[in-house]
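FYI, it's all coordinate maths here, none of it is from the lab. This structure is a prediction, so every number in the text was calculated from the model and none was measured. We place every Cβ from the backbone using ideal geometry, glycine too, and count neighbours over all the protein chains shown.
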Amino acid sequence: MKILIKELVGHPQCISFALTPAELELSDETIEFQAPVNITLRVSTLGEKQVMAEGNADTTINTQCVRCLEPLEMLLSAEIHARYEDDKNLLSPESQLLGTEDELLAYFDGESIDPVPQIREALMLELPSLPLCTKDCHGLCPICGANLNNAPCGCAPAPEAPTAPAAPAWKEALKKIKLEE
């Protein structure tokens, strides 16, 4: 997807569009992207060699709860803050790390920008690392595997972990020894 810069000079534009997960090359081992990604961007020029794109991207993802393993559908939303500069130095691998915590920095050729890589990166950064169906999910019984959100399973509670034994007397005595320099 290309956005022509000559159409933006002096006239910031709000652009709304949808892309498929395949067009954004979204993939993750534990998350399924099926719904289109709805994107709204406000694109404006910042002088002759800079373009700013800000907005958000929303989609629905399918995954599973990490505690009870039940299927889970959830909204994935990401804010996009990208600045594009017409500077060939930004093509080097080292410069890919430039930008700020809140803003991605990318190269553009002076004619058009392609926001797809920045949209993909913003979405991937928002993927939940440990998705839960509810904050108080009880998970699975470690003994029989029953979903404890549905009902208690009747298994005996797991014994508490033993406490660490007290240090032997000789260890305590060594701690009291002071060596002279």
Report yes if some residue within region 50-65 is part of a loop (DSSP other than H, G, I, E, B), of a type outside the set (F, W, Y), touching a strand residue (DSSP E or B) at 6+ places or on another chain (Cβ under 7 Å) and over 19 Å from Y107 (Cα atoms); otherwise report no.
yes
I need the full set of residues from region 66-90 which are in a strand (DSSP E or B) and acidic (D, E), in order please.
E73, E79, E85
For region 19-49, give me each residue that is outside any strand (DSSP E or B), under 21 Å from F108 (Cβ atoms) and within 17 Å of the chain's Cα centre (by Cα).
L24, E25
